[in-house]
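What follows draws every value from the coordinates through simple rules; no lab data is involved. Everything numeric here is computed off the predicted structure, so don't read it as measured data. FYI the Cβ positions are ideal-geometry reconstructions off the backbone, even for glycines, and counts take in every protein chain you see.
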Amino acid sequence: MLIGELSRRTGVSARLLRYYEEQGLLGTRRDANGYRTYSNDAVVTVRQIRALLAAGLSTDVIRTVLPCANGDQPKLDMCPQLVRTLTDELAAMDGRIDTLRQARGTLAAYLPES
């Protein structure tokens with residue numbers, strides 16, 4: 001399928017699909033005329049990418065996680081390396097949440113008590 005059809009079927013812009021390709025997340029081939037052509041599996045792959053992005057993963061991490069994803073709302077085949085990767089990502093996310101909570105407390109302290 002062409003990029004326009006993939007965009008229509010997934011609700012993801014063609015520009016974003018090209019970005020996923022550039023990041024190594026979405027495979028494509030070029031026809032003789034230079035047009036990108038995607039397999040029917042690309043629809044599921046795009047849905048997996050979107051779900052993993054919604055989970056807070058970066059495209060770099062998704063590149064390593066994607067081969068372990070199955071289905072539209074991906075279920076992950078948990079190998080030891082994937083468990084380590086997701087555990088590290090969760091710890092980093094917890095750290096960012098703690099930092100935001102501290103910043104919020106500092107900012108709230110500037111406001112007069114109600």
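For region 12-110, what does the relative contact order come out to in percent, with C-alpha contacts under 8 Å and a separation of six or more?
RCO, region 12-110: 18 percent.
Place a point 7 Å from Cα of Ser13 in the direction of its Cβ. Which residues in region 31-70 have their backbone N less than 17 Å from it? Answer for this model: 50. Convex hull of alpha carbon positions in region 58-114: directionally averaged projected area 5.9 nm².
Once the C-beta distance of Met1 and Val83 is scaled by a Förster radius of 35 Å, the resulting FRET efficiency is 0.50 to the nearest 0.05. Whole-Hz Karplus values for region 82-90 come out as 5, 4, 4, 4, 5, 5, 5, 5, 5 Hz, taken residue by residue from phi with 6.51 cos²θ - 1.76 cosθ + 1.60 and θ = phi - 60°; glycine and proline positions read x. The ranking of Val61, Val83 by Cβ neighbour count inside 10 Å, starting from the fewest, reads Val83, Val61.
Residue-wise HN-Hα couplings along region 11-23, as the Karplus relation 6.51 cos²θ - 1.76 cosθ + 1.60 with θ = phi - 60° gives them from phi, are x, 10, 4, 4, 4, 5, 4, 5, 5, 4, 5, 4, 7 Hz; Gly and Pro carry x. Go ahead and run the numbers for FRET between Ala51 and Gln102, Cβ-Cβ distance against an R0 of 25 Å, rounding to 0.05. For R0 = 25 Å, the calculated efficiency reads 0.25.
Here's the picture: charge each Lys and Arg Cβ at +1 and each Asp and Glu Cβ at -1 in region 1-77, and of Ser39, Ala55, Leu6 the one pushed furthest to the positive end of that dipole is Leu6. Within the P(r) computed for the chain, what percentage of the Cα pairs occupies the region above 18 Å? Distances greater than 18 Å cover 59 percent of the Cα pairs. Model label points for Arg30 and Lys75, set 7 angstrom from Cα along the Cα-to-Cβ axis, are 3.9 nm apart.
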